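Here is the structure we will look at.
A short reminder: the numbers here are calculations on the coordinates, not readings from a lab. Given the structure is predicted, the values throughout are model-derived calculations rather than measurements. Backbone-built Cβ (ideal geometry, glycine too); neighbour counts: all protein chains shown.
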């Protein structure tokens with residue numbers, strides 16, 4: 001059944017600022033990859049491996065905090081404005097606790113590094129990168145609290161503005177810290193991590209100052225009083241957020257261990273994989289932004305007791321996300337060689353990356369289904385079943401299948417990095433089918449019963 005025109009307008013209103021905001025975030029990673037690639041293949045591999053380890057830790061913590069978005073969206077749909085401010089304050093305590101844990105893990109990455117069997121030179125550079133980027137974690141997690149709050153109430157534009165500011169600072173700070181200008185030491189690839197830390201503390205501070213002074217945030221009374229941690233509120237976040245964080249952990253560890261296993265094949269192969277991964281992560285911003293906007297609309301509709309509108313929003317977001325990703329996938333397929341050469345001057349690395357980008361083109365299309373549906377289900381406050389679906393498909397089929405195809409002769413000649421990407425495509429197709437089927441079932445039940453499935 002076609003969605004109402006007003007629903008399409010609301011999706012566009014929420015999606016385009018989130019799209020630009022996500023593009024700015026992912027462009028930071030592209031800038032790191034480009035600048036490290038032109039420094040040396042060792043620095044490129046170090047930044048790629050270090051960023052994968054950082055993503056494993058940070059994205060898991062961020063996933064827990066994403067519980068704030070559907071909670072705020074449900075409150076907003078039900079017009080419970082003061083409760084929004086109270087939940088934001090409680091989520092800030094959760095961000096503080098997660099920051100301490102994540103910081104410690106990044107400062108002591110030995111359990112993750114042992115899988116990659118790095119050369120001593122490469123391991124030294126990876127550790128230097130992690131030493132810098134660890135300091136970004138508190139800033140980025142407190143900024144994610146602001147993100148969850150302001151997007152949940154349907155105001156994503158401030159996030160877009162602050163992320164664009166961070167993007168403007170990224171290349172200059174990288175240049176200063178990587179090459180040692182203005183009296184700073186030349187940090188090489190590690191400078192990318194330190195620049196991220198400076199940027200995230202800057203935009204997190206500015207975001208909360210903006211929130212305190214902007215009259216549009218006044219009804220939510222975020223700064224009305226100081227609240228100590230409340231176990232009942234934190235329990236609500238954790239019941240929803242821990243499965244979300246576990247889902248992100250499954251997703252990111254599959255990608256991280258993919259990078260760590262591929263690192264065994266040498267710096268050139270690792271660098272080629274990093275280029276392919278950088279493109280895949282960057283274009284992922286489109287279904288991610290559409291999924292985020294759709295999840296907010298779903299949560300607001302359910303908060304208002306409108307299960308039919310929630311289902312229509314989910315289907316609309318899926319249709320738009322798949323259509324856009326099909327076009328993007330076709331562009332990657334056609335431009336694989338040119339994309340690879342833009343990242344590196346090493347002809348061997350560029351050729352290997354171009355062959356991986358052809359697989360990334362297909363990967364992106366199947367990725368769109370799960371990207372949108374996962375966030376729609378968060379709007380329904382459903383996180384446990386998706387977590388199980390992701391664990392089976394991404395770890396079992398994706399990582400396990402990738403290891404067999406890429407590094408062993410179980411199915412013939414080892415395919416190297418290509419084997420991991422082929423298995424990743426299969427795993428995402430299975431995950432997408434699973435979460436879509438789950439959404440169709442719970443949304444149909446909600447419409448039939450007239451109840452709020454969340």
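Please state the shape class of region 312-428: rounded when a/c is under 1.5, otherwise prolate if a/b exceeds b/c and oblate if not, all from the C-alpha gyration tensor.
Because a/c hits 1.5 or more and a/b fails to exceed b/c, region 312-428 counts as oblate.
For the residues 203, 49, 101, what sequence is obtained by ranking on other C-beta atoms within 10 Å, fewest first?
So the residues, fewest neighbours to most, are 101, 203, 49.
With the Cα gyration tensor of region 243-399 in hand, give its eigenvalues times 5 under a square root as the equivalent ellipsoid semi-axes, listed largest first in whole angstrom.
33, 18, 10
Can you give the translational diffusion coefficient of region 135-233 in µm²/s, computed by Stokes-Einstein from the Kirkwood radius over Cα pairs at 37 °C and 0.692 mPa s?
Result for D is 217 µm²/s.
So for the pair residue 223, residue 110, with labels modelled 7 Å out along Cα→Cβ, what separation do we get in nm?
4.4
Using the Kirkwood radius over Cα pairs, work out the Stokes-Einstein diffusion coefficient for the chain at 20 °C and 1.002 mPa s, in µm²/s as a whole number.
Stokes-Einstein gives a translational diffusion coefficient of 97 µm²/s.
What is the distance, in nm, between label points placed 7 Å from the Cα along the Cα-to-Cβ direction at residue 79 and at residue 388?
For the pair residue 79/residue 388, the computed spacing is 3.9 nm.
Between the alpha-carbon centers of region 139-163 and region 250-277, tell me the distance in whole angstrom.
Between the Cα centres of region 139-163 and region 250-277 lies a distance of 30 Å.
Would you work out if region 202-330 is rounded, prolate or oblate? Take a ≥ b ≥ c from the square roots of the eigenvalues of the alpha-carbon gyration tensor; rounded if a/c is under 1.5, else prolate when a/b is larger than b/c, oblate otherwise.
prolate
Compute the acute angle (0 to 90°) between the alpha-carbon long axis of helix 120-133 and the principal axis of greatest extent of the alpha-carbon atoms of the chain; round to the nearest 10°.
Taking Cα atoms only, the helix is inclined about 30 degrees.
Can you put 201, 175 in order of Cβ neighbours within 10 angstrom, beginning with the fewest?
Fewest-to-most ranking of 201, 175: 175, 201.
Over the chain, what is the mean sequence separation of C-alpha contacts under 8 Å (at least six apart), divided by residue count, expressed as relative contact order in percent?
Taking the mean separation of contacting Cα pairs over the length of the chain, I get 22 percent.
For the chain, what does the helix formula give at 222 nm: sum of -39500 (n - 2.57) over DSSP H segments with n ≥ 4, over the residue count, nearest 500 deg cm²/dmol?
-27500 deg cm²/dmol
So between residue 157 and residue 410, what do we pick up on full extension, going 0.36 nm a residue minus the alpha carbon distance?
86.1 nm
Going by the alpha-carbon gyration tensor, a ≥ b ≥ c the square roots of its eigenvalues, is region 111-185 rounded (a/c under 1.5) or, if a/c is not under 1.5, prolate (a/b greater than b/c) versus oblate?
Because a/c hits 1.5 or more and a/b fails to exceed b/c, region 111-185 counts as oblate.
Given q = 0.11, 0.18, 0.23 Å⁻¹, what are the Debye log10 I(q)/I(0) values for region 1-111, with equal point scatterers placed on the Cα positions and solvent ignored?
-0.59, -1.08, -1.25
In what sequence do 247, 408 fall when counting other Cβ within 10 Å, fewest first?
Fewest to most other Cβ atoms nearby, the residues stand as 408, 247.
Run the numbers for residue 348 and residue 124: contour at 0.36 nm per residue of separation, minus the present Cα-Cα distance, in nm.
This chain segment gains 78.2 nm when fully extended.
Calculate the FRET efficiency for residue 330 and residue 179 from the Cβ-Cβ distance with a Förster distance of 30 Å, rounded to the nearest 0.05.
Efficiency at R0 = 30 Å is approximately 0.20.
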